[in-house]
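Asks: Once you've had a glance at the structure underneath, I'll fire off some questions.
The values are calculated or read from the model by the stated rules, or taken from the named source; none is laboratory data. For clarity, every value in this text was computed on a predicted model and none was experimentally measured. Neighbour counts run over all protein chains shown; Cβ positions are idealised from the backbone, glycine included. Surface areas here come from the heavy atoms of the whole protein model, side chains and all, with no ligands, DNA or RNA. Shrake-Rupley method; radii C 1.70, N 1.55, O 1.52, S 1.80 Å.
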Protein chains: 2
Amino acid sequence: MQALKDKIRDIPDFPKPGIIFKDITPLLKDPEALRFATQQLAAPFLDSNITAVAGMEARGFIFGTLVAQALNVGFIPLRKPNKLPHETESVSYELEYGSTSLEIHSDALGKNDQVLLIDDLLATGGTAKASCELVEQLGATVAALGFVIELDFLKGSDKLAGYQVHSLLHY
Amino acid sequence: MQALKDKIRDIPDFPKPGIIFKDITPLLKDPEALRFATQQLAAPFLDSNITAVAGMEARGFIFGTLVAQALNVGFIPLRKPNKLPHETESVSYELEYGSTSLEIHSDALGKNDQVLLIDDLLATGGTAKASCELVEQLGATVAALGFVIELDFLKGSDKLAGYQVHSLLHY
């Protein structure tokens with residue numbers, strides 16, 4: 001995993017002073033490292049009953065798509081408001097300042113689906129928790145959540161208590 | 001290609017009355033069809049000198065990442081304003097109402113790069129043209145552009161005159 005960690009770049013003071021942003025673009029730029037990350041995200045679920053991978057806009061689209069293909073299941077995009085064209089379900093959640101919402105197509109999943117949620121980063125867990133609720137609103141089951149990076153000090157895993165969380169890199 | 005076309009769903013009156021939106025989510029949900037689309041997007045470039053694939057936020061991330069992996073080259077995200085954490089280059093362009101801009105990390109590409117630009121849809125070509133300018137601002141070369149869908153009646157290809165455009169499905 002150290003080879004993977006070497007592909008994550010620290011950017012101080014982004015998006016605001018005091019925050020150290022974990023930049024994944026060096027990882028995306030290295031096809032072997034990106035393949036390795038995909039394999040590691042998918043590995044625990046190769047012999048599981050996952051029927052779909054859902055990914056959060058926008059960076060979750062990158063890893064979610066790759067993991068879905070690795071598991072040979074469909075990819076379900078979870079999108080910001082008013083982006084999905086068909087009938088949607090929606091979940092609102094709090095941000096540091098104000099609130100936002102996440103949407104899914106109402107026909108994207110059903111009660112027999114076992115869903116793996118994928119995003120690049122687990123921080124406070126707000127987006128991840130909202131994503132779980134969205135999947136469950138459609139009657140589907142959240143089988144697990146996978147992240148390239150988990151910021152342990154923000155305790156996102158606590159907010160996801162009861163769910164299986166699989167993170168490749170911890171900070 | 002008809003099998004692929006069967007996975008694109010028409011949504012009338014989205015995002016506004018009179019527009020028929022091409023919904024790619026059925027394609028994303030079918031892993032075999034998505035693999036086929038990726039192979040078809042990558043096929044003309046398997047023996048080329050492409051050194052990187054760039055994709056436009058957000059749906060371009062999905063296909064761009066898959067094509068980059070198929071060609072075994074890096075993926076470069078082109079993002080909406082204030083999303084990329086490191087030093088960026090930017091290009092502004094006109095939308096139907098108002099204007100927006102697209103950003104790339106300044107160190108993402110160099111003068112020896114031959115870039116394949118990937119997005120899901122070519123409409124009027126505004127975003128695609130801005131993406132070409134962004135790549136060229138870094139001294140790199142746009143080798144070609146690839147799209148899953150091209151809306152011929154909007155004449156986006158005219159705006160991309162001089163560039164190689166490879167679209168899988170035409171409407």
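Asks: Only one residue in B:168, B:109 is at pLDDT 95 or above, more than 29 Å from residue B:27 (Cα to Cα) and of a type in the set (A, V, I, L, M, F, W, C). Which one?
Replies: That would be B:109, the only listed residue that is at pLDDT 95 or above, more than 29 Å from residue B:27 (Cα to Cα) and of a type in the set (A, V, I, L, M, F, W, C).
Asks: Out of curiosity, is residue B:13 at the interface with chain A (Cβ under 8 Å from one of its Cβ atoms) and either open to solvent by 10 Å² or more (accessible area, probe 1.4 Å) or at pLDDT below 95 (or both)?
Replies: no
Asks: List pairs: first residue in region B:70-94 and within 7 Å of chain A (Cβ to nearest Cβ) and aliphatic (A, V, I, L, M), second residue open to solvent by 30 Å² or more (accessible area, probe 1.4 Å) and in a loop (DSSP other than H, G, I, E, B) anywhere in the structure, Cβ distance under 6 angstrom, at least six positions apart or on different chains.
Replies: B:73/B:51
Asks: Taking into account only those residues within region B:108-130 that are open to solvent by 20 Å² or more (accessible area, probe 1.4 Å) and small (Gly, Ala, Ser), which is nearest to residue A:61 (Cα to Cα)?
Replies: Among those residues, the one meeting the criterion is B:123.
Asks: All but one of (1) more than 12 Å from every other protein chain (Cβ to nearest Cβ); (2) free of Cβ contacts under 8 Å to residues at least 12 places away in the same chain; (3) closer than 20 Å to residue A:23 by Cβ; (4) not hydrophobic (A, V, I, L, M, F, W, C) hold for residue B:97; state the number of the condition that does not hold.
Replies: (3)
Asks: Could I ask something else about it? Looking at region A:43-62 only, could you name the residues that are surrounded by 18 or more Cβ atoms within 10 Å (Cβ to Cβ) and more than 8 Å from chain B (Cβ to nearest Cβ)?
Replies: Hits for region A:43-62 are A:45, A:50, A:51, A:53, A:54, A:55, A:56, A:60.
Asks: Further question: Can we say residue B:78 is farther than 23 Å from residue A:70 by Cα, under 15 Å from the mean Cα position of the chain (by Cα) and buried (at least 24 other Cβ atoms within 10 Å of the Cβ)?
Replies: yes
Asks: So residue A:97 ticks every box in (1) over 16 Å from the mean Cα position of the chain (by Cα); (2) modelled with pLDDT of 95 or more but one. Which box is left unticked?
Replies: (2)
Asks: Okay, moving on. Give all pairs with beta carbons closer than 8 Å in which a residue from region B:3-27 that is assigned to a helix (DSSP H, G or I) meets a residue that is among the polar types (S, T, N, Q); count only pairs at least 6 apart in sequence or on separate chains.
Replies: B:4/B:40
Asks: What tally of residues in region A:29-41 results from selecting those that are in contact (Cβ under 8 Å) with a residue 40 or more places away in the chain and open to solvent by less than 10 Å² (accessible area, probe 1.4 Å)?
Replies: Within region A:29-41, residues that are in contact (Cβ under 8 Å) with a residue 40 or more places away in the chain and open to solvent by less than 10 Å² (accessible area, probe 1.4 Å) number 2.
Asks: Select from region A:131-171 the residues that are open to solvent by 50 Å² or more (accessible area, probe 1.4 Å) and of a type in the set (A, V, I, L, M, F, W, C) and write down the one among them that is farthest from residue A:93 (Cα to Cα).
Replies: Within region A:131-171, the match that is farthest from residue A:93 (Cα to Cα) is A:153.
For (1) within 21 Å of residue B:165 (Cα to Cα); (2) in contact with a Lys or Arg (Cβ under 8 Å, 6 or more places away or on another chain), each residue gets a yes or a no:
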position: B:46; (1), (2): yes, no
position: B:55; (1), (2): yes, no
position: B:60; (1), (2): yes, no
position: B:70; (1), (2): yes, no
position: B:76; (1), (2): yes, yes
position: B:81; (1), (2): no, no
position: B:89; (1), (2): no, no
position: B:99; (1), (2): no, no
position: B:150; (1), (2): yes, no
